[in-house]
Amino acid sequence: MTTTGYDPQDSHEPNPDEPPVTGNRIIDSALAALAGTQQLTVTEQLQRLGAAHETLADVLESSRSAAIPMPKPQTRQP
């Protein structure tokens, strides 16, 4: 298993009942908060989805402002 929660070498597929693991505690927490939303009312589902969306959007925005170091891919050679 990798930090992304999926290892292509693993013969088992990811468990859809468990949130993926990214290694980022903020993202992992937002995804974990969505567990069990199928049993909630539509209003409660929207609240949880909205909160997760806001958290994930904040992480994305902070990555754009260099608050979170991003990997630097190698330059492609022709």
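Before moving on, here are some points about what is shown:
- Counted residue by residue at 0.36 nm each, then reduced by the alpha carbon distance between them, the extension gain from Arg64 to Ile26 reaches 12.1 nm.
- Across all C-alpha atoms in the range 25-65, the radius of gyration and Dmax reach 11.3, 37 Å.
Each value in this text was obtained by applying a stated rule to the coordinates, not by laboratory testing. Just so we're clear, the structure is a prediction, and the values are computed from it rather than from any experiment.
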